[in-house]
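The values are calculated or read from the model by the stated rules, or taken from the named source; none is laboratory data. Please read these numbers as outputs of a predicted model, since none were measured by experiment. We place every Cβ from the backbone using ideal geometry, glycine too, and count neighbours over all the protein chains shown. Remember, those area values only see protein heavy atoms, side chains included, never the ligands or the DNA or RNA. Shrake-Rupley method; radii C 1.70, N 1.55, O 1.52, S 1.80 Å.
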Number of protein chains: 2
Amino acid sequence: MAYAADRFADNGYHPTSVAEIVEGLGVGKGVFYWYFDSKEELLRAILADGQLDLRRRQRAAIAGAEGPMERIERGIRASIEWSLEQRVFFRLFQFAATDDRFADNLRKGEQVAVRDAAKHVADAMAAGEIPDRDPVLLAHAMLGVTTHLVQLDHRGLMKATPEAIDSCVAFCLGGISRV
Amino acid sequence: MAYAADRFADNGYHPTSVAEIVEGLGVGKGVFYWYFDSKEELLRAILADGQLDLRRRQRAAIAGAEGPMERIERGIRASIEWSLEQRVFFRLFQFAATDDRFADNLRKGEQVAVRDAAKHVADAMAAGEIPDRDPVLLAHAMLGVTTHLVQLDHRGLMKATPEAIDSCVAFCLGGISRV
DNA sequence: CGGGTACTTGACCGATTGGTCAAGTCCCCG
DNA sequence: CGGGGACTTGACCAATCGGTCAAGTACCCG
């Protein structure tokens with residue numbers, strides 16, 4: 001799965017053949033179809049693995065935070081850091097979002113993360129720390145900002161320096177704060 | 001090109017064969033290769049068309065605005081509206097960004113739009129309307145928010161109502177305003 | 001009307017695709 | 001030691017891929 005994920009991320013899912021994967025691994029084709037029903041199922045399994053890992057990281061980052069705003073900031077930072085480290089997973093997520101065959105596999109995981117973030121946004125609103133607006137929408141907006149920053153880094157168009165990450169976080173917090 | 005763009009957007013670029021395109025159009029394969037060198041060149045031409053159209057819309061929206069902040073807001077709204085209308089182009093942009101063969105074709109157009117937005121952000125800073133920070137990064141952040149909102153609409157996960165668009169704009173303006 | 005250019009056709013090409021399967025090999029358990 | 005499930009192999013399959021090209025057809029100009 002790790003090797004296939006690498007190839008998918010570098011070459012693209014469709015242009016990477018099953019033959020290429022098993023050849024690179026030095027195994028027969030039968031091995032592949034013993035463990036996976038199809039090439040599609042392989043990618044789905046990889047995506048599920050990645051989402052689980054990201055979710056773990058987010059939960060760990062949020063644990064121990066005191067107020068809702070701190071939870072939001074930590075969640076943002078954890079997501080950015082994970083995405084920067086896990087280039088392969090991130091690229092596969094990006095691809096999967098563009099393909100109807102896989103978009104549904106992303107949806108559930110994304111919704112869980114967004115709803116979680118939205119909960120903290122709603123908490124901050126209840127505490128009067130930020131003005132009332134649709135928490136789910138704001139959570140998505142923050143997700144959009146962070147995703148785009150990471151994408152820039154991976155595409156080599158801009159380095160995600162600590163300062164850039166700070167600016168990104170500030171943008172998100174400013175975005176939910178302003179009336 | 002329009003038919004091919006539709007097919008690419010619905011089915012994906014790779015899964016859509018040249019044979020399927022010419023068959024759907026009711027023409028011979030030779031016609032295709034008379035006008036295009038390859039399937040890749042076709043997508044590149046489609047992407048170029050889309051970028052040109054988007055750029056025109058952005059320029060038209062900004063023209064006539066008075067201050068830098070108004071220019072920014074109009075640019076955001078124009079980008080969102082165009083992306084919502086031009087579902088096909090937007091999906092192809094999203095795909096192209098995930099494929100190294102086509103990512104470069106997007107880069108130039110994206111940079112032009114971002115630099116333009118960054119200029120207005122810098123103007124607003126010079127006028128003291130918003131605090132000083134990297135204008136290019138902020139422009140990218142706004143692009144990330146709007147892109148994500150449109151993506152949600154196209155994937156059917158959230159309707160981009162006028163209110164949602166307003167919230168999105170407010171998020172962006174808040175993001176660049178807060179210290 | 002004759003000839004040439006612009007365009008169109010679809011059979012055809014070698015390569016490659018995702019997937020199958022008969023024939024093993026390996027190793028654990030009785 | 002013998003048998004049986006777990007696992008592996010790679011030749012093989014029909015289908016399809018992007019792309020080519022000889023053989024037209026349509027139409028304009030002299």
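Restricting attention to segment B:124-145, which residues are among the hydrophobic types (A, V, I, L, M, F, W, C) and part of a helix (DSSP H, G or I)?
Within segment B:124-145, B:Ala124, B:Met125, B:Ala126, B:Val136, B:Leu137, B:Leu138, B:Ala139, B:Ala141, B:Met142, B:Leu143, B:Val145 qualify.
Can you tell me which residue among B:Arg178, B:Arg87, B:Arg107 is touching a residue at least 40 places away in the same chain (Cβ under 8 Å), open to solvent by 50 Å² or more (accessible area, probe 1.4 Å) and in contact with a Lys or Arg (Cβ under 9 Å, 6 or more places away or on another chain)?
B:Arg178
Taking segment A:11-24 as the search range and keeping residues that are part of a helix (DSSP H, G or I) and surrounded by fewer than 13 Cβ atoms within 10 Å (Cβ to Cβ), which one is farthest from DNA strand D (Cβ to nearest atom)?
So the residue we want is A:Glu23.
Is it true that some residue in segment A:48-67 is farther than 30 Å from A:Ala124 by Cα and either in contact (Cβ under 8 Å) with a residue 12 or more places away in the chain or away from DNA strand D (no atom under 12 Å from the Cβ) (or both)?
Scanning segment A:48-67 turns up at least one residue that is farther than 30 Å from A:Ala124 by Cα and either in contact (Cβ under 8 Å) with a residue 12 or more places away in the chain or away from DNA strand D (no atom under 12 Å from the Cβ) (or both).
Would you confirm whether or not segment B:25-39 contains a residue that is more than 12 Å from DNA strand D (Cβ to nearest atom), at pLDDT 95 or above and either over 30 Å from B:Asp123 (Cα atoms) or away from chain A (no Cβ under 14 Å) (or both)?
There is at least one residue in segment B:25-39 that is more than 12 Å from DNA strand D (Cβ to nearest atom), at pLDDT 95 or above and either over 30 Å from B:Asp123 (Cα atoms) or away from chain A (no Cβ under 14 Å) (or both).
If a residue must be surrounded by fewer than 17 Cβ atoms within 10 Å (Cβ to Cβ), in contact with a helix residue (DSSP H, G or I) (Cβ under 7 Å, 6 or more places away or on another chain) and within 12 Å of B:Met69 (Cβ to Cβ), how many such residues does segment B:124-136 contain?
Residues that pass the stated criteria total 2.
Considering only residues of segment B:146-160 that are part of a helix (DSSP H, G or I) and in contact with a His (Cβ under 8 Å, 6 or more places away or on another chain), which is farthest from B:Arg74 (Cα to Cα)?
In this case the residue turns out to be B:Leu152.
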